[in-house]
1. Consider residue 73 against the criteria (1) surrounded by 13 or more Cβ atoms within 10 Å (Cβ to Cβ); (2) out of contact with any Leu (no Cβ under 6 Å at 6 or more places or on another chain); (3) under 16 Å from residue 120 (Cα atoms): it satisfies all of them except one. Which criterion is unmet?
2. Can you pull out the residues in the stretch 36-93 that are part of a strand (DSSP E or B), of a type in the set (Val, Ile, Thr) and over 25 Å from residue 146 (Cα atoms)?
3. For the stretch 95-145, give me each residue that is in a loop (DSSP other than H, G, I, E, B), within 18 Å of residue 38 (Cα to Cα), in contact (Cβ under 8 Å) with a residue 60 or more places away in the chain and not charged (D, E, K, R).
4. Do any residues in the stretch 65-89 that are without any contact (Cβ under 8 Å) to a residue 60 or more places away in the chain have Cβ atoms under 6 Å from those of residues that are in a loop (DSSP other than H, G, I, E, B), where the two are at least six apart or on different chains, and which pairs are they?
5. Please count how many residues of the stretch 16-35 are outside any helix (DSSP H, G or I) and within 10 Å of the chain's Cα centre (by Cα).
6. Taking residue 85 as the residue in question, decide whether it is at pLDDT 95 or above and of a type outside the set (S, T, N, Q).
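The values are calculated or read from the model by the stated rules, or taken from the named source; none is laboratory data. Treat the numbers as computed from the prediction; the structure is a model and nothing was measured. Cβ placement follows ideal geometry from the backbone for every residue including glycine, while neighbour counts extend to all protein chains displayed.
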Amino acid sequence: MSPQSRPGTLVGMEWVDEGLEILSEDECRALLAMVNVGRLAVALGDVPLVVPVNYGLIDGDVVFATGEGTKLRTALEKALVAFEVDEIDELAEVGWSVLFVGHAREVVDPDELARVQGLGVRSWVSEGRDHWVRIERSFVSGRRIVSGTANAELGAESASDL
């Protein structure tokens, strides 16, 4: 997205939209690489289903192991899915969130499968996770909360000390 078409306001060198810093794609990728549990969102007819999964990254795409069931069926249909990771500090009222959207597919190519299995991604539910799913990125976006109520109160207290 070009800077001219980004929503929000340029503050310093960061885009801010209503207290949220809009993250660059590079920042989103770095944050995706920092954690290993995210949430997969799929549609079951008219009902959204969001489930946690352990994951890794291959060539910028999200990969995870799964068993027979909804996640694998979604991959076999090459459905459009959403994947989200975040980190929140409720006390400080700050955090970030990255949304990764793409089409899911089962990994079946032997060379690709070897690469994925070599990541060392381990499901917390180890039994029956014999299939690997890859989400091929369509787009990624992220936001960081740059100021929370606690931060605003701290700023007001500091200002009153002057």
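1. (3)
2. Of all residues in the stretch 36-93, those part of a strand (DSSP E or B) come to 37-44, 47-54, 56-58, 61-66, 80-89.
Adding the requirement that they be of a type in the set (Val, Ile, Thr) leaves 37, 42, 47, 50-51, 53, 58, 62-63, 66, 81, 85, 88.
Residues satisfying the conditions are 42, 47, 50, 51, 53, 58, 62, 63, 66, 81.
3. Filtering the stretch 95-145 down to residues in a loop (DSSP other than H, G, I, E, B) leaves 107-109, 118-130.
If we keep only those that are within 18 Å of residue 38 (Cα to Cα) too, we end up with 119-126, 129.
Checking which are in contact (Cβ under 8 Å) with a residue 60 or more places away in the chain leaves us with 119-124, 129.
Once the filter is applied, which keeps residues that are in a loop (DSSP other than H, G, I, E, B), within 18 Å of residue 38 (Cα to Cα), in contact (Cβ under 8 Å) with a residue 60 or more places away in the chain and not charged (D, E, K, R), the stretch 95-145 yields 119, 120, 121, 123, 124.
4. Taking only residues 6 or more apart or on different chains, the pairs are 85/35.
5. Residues flagged as outside any helix (DSSP H, G or I) and within 10 Å of the chain's Cα centre (by Cα) within the stretch 16-35 amount to 1.
6. Working: at pLDDT 95 or above: yes; of a type outside the set (S, T, N, Q): yes.
Criteria met by residue 85.
Residue-wise test of (1) loosely packed, with under 15 Cβ neighbours inside 10 Å; (2) modelled with pLDDT under 85.
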position	(1), (2)
1	yes, yes
10	yes, yes
36	no, no
44	yes, yes
69	yes, yes
90	yes, no
96	no, no
103	no, no
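Residue-wise test of (1) of a type in the set (A, V, I, L, M, F, W, C); (2) closer than 18 Å to residue 138 by Cα.
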site: 34; (1), (2): yes, no
site: 40; (1), (2): yes, yes
site: 72; (1), (2): yes, no
site: 83; (1), (2): yes, yes
site: 99; (1), (2): yes, yes
site: 104; (1), (2): yes, yes
site: 109; (1), (2): no, no
